[in-house]
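This report refers to the structure that appears directly beneath it.
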Amino acid sequence: AQSVTQLDSHVSVSEGTPVLLRCNYSSSYSPSLFWYVQHPNKGLQLLLKYTSAATLVKGINGFEAEFKKSETSFHLTKPSAHMSDAAEYFCVVSDLGGFKTIFGAGTRLFVKA
Amino acid sequence: DGGITQSPKYLFRKEGQNVTLSCEQNLNHDAMYWYRQDPGQGLRLIYYSQIVNDFQKGDIAEGYSVSREKKESFPLTVTSAQKNPTAFYLCASSIEFKPQHFGDGTRLSIL
């Protein structure tokens, strides 16, 4: 069985400071992991994906995530937050084929000027 | 550019009425999905289809119906049996081994 837990429902940072959005997963086999971003009244946009290649994954807009199997974590980071990063972020786990997909509850990121 | 088009963007339903949400993709993806999004609950799968003329129930299929007559189209009908239909509905598509690609959603409200 698969599951995904986003550890924070809300995160607030100041512009120019680092961002950390935490995600833990559970999977009975080697999973595919993704981070998506959603701006208000929009669909989800893929930020990055992990599919058993390099454990440090770089995505769009300066985001990256590190797959840590021993900790079953896939935390999303960005060195310096921008106002445009304010959105909701979803951690997602799926089977290799991509059909069985589980979404986390989401973390809303607030960026203060 | 290829993508997924959902229409309408906003939809209102009266009591006892069925409404249909449109989802069209020109990505040549085999699989299509419908999700419901409520505040603080992430996305929940309503129905999915891996191939034309075939579809399966997701986690919350009661009160919804779908069809998949064409590869490009996967309309969702919210029936009067769905007692709490107010939500944001997202359609997605994918090909095997690739992440899902999403439309911009339809927001459904009750009059």
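Residues that are farther than 22 Å from residue A:105 by Cβ, in contact with a Phe, Trp or Tyr (Cβ under 6 Å, 6 or more places away or on another chain) and modelled with pLDDT of 95 or more do not occur anywhere in region B:93-110.
Among the residues making up region B:20-36, those that are at negative phi, away from chain A (no Cβ under 11 Å) and open to solvent by 20 Å² or more (accessible area, probe 1.4 Å) are B:20, B:22, B:24, B:26, B:27.
Restricting to region B:93-105, name every residue that is facing chain A (nearest Cβ under 7 Å) and open to solvent by less than 10 Å² (accessible area, probe 1.4 Å). B:94, B:103, B:105, listed by residue number. The lone criterion from (1) within 13 Å of chain A (Cβ to nearest Cβ); (2) among the hydrophobic types (A, V, I, L, M, F, W, C); (3) not in a strand (DSSP E or B) left unmet by residue B:90 is number (3).
The set of residues from region A:20-65 being away from chain B (no Cβ under 13 Å), outside any loop (DSSP other than H, G, I, E, B) and over 17 Å from residue A:82 (Cβ atoms) comprises A:24, A:25, A:26, A:56, A:65. Looking across region B:37-46 at every residue that is closer than 16 Å to residue A:41 by Cα and in contact with a Phe, Trp or Tyr (Cβ under 6 Å, 6 or more places away or on another chain), the one that is surrounded by the fewest Cβ atoms within 10 Å (Cβ to Cβ) is identified as B:42.
Of all residues in region A:6-29, those satisfying the criterion of being in contact with a Lys or Arg (Cβ under 9 Å, 6 or more places away or on another chain) and open to solvent by 60 Å² or more (accessible area, probe 1.4 Å) are A:7, A:9, A:10, A:12, A:15, A:18, A:20. Candidates are the residues of region B:47-74 that are open to solvent by less than 30 Å² (accessible area, probe 1.4 Å) and in a strand (DSSP E or B); the one that is nearest to the other protein chains (Cβ to nearest Cβ) is B:49.
Would a scan of region A:69-90 turn up a residue that is within 18 Å of residue B:94 (Cβ to Cβ) and not in a helix (DSSP H, G or I)? Checked region A:69-90: at least one residue is within 18 Å of residue B:94 (Cβ to Cβ) and not in a helix (DSSP H, G or I).
The values are calculated or read from the model by the stated rules, or taken from the named source; none is laboratory data. Quantities reported herein were computed from a predicted structural model and do not represent experimental measurements. Cβ atoms come from the backbone with ideal geometry, glycine included; neighbour counts cover every protein chain shown. Side chains included, ligands, DNA and RNA excluded: accessible areas come from the protein's heavy atoms. Shrake-Rupley method; radii C 1.70, N 1.55, O 1.52, S 1.80 Å.
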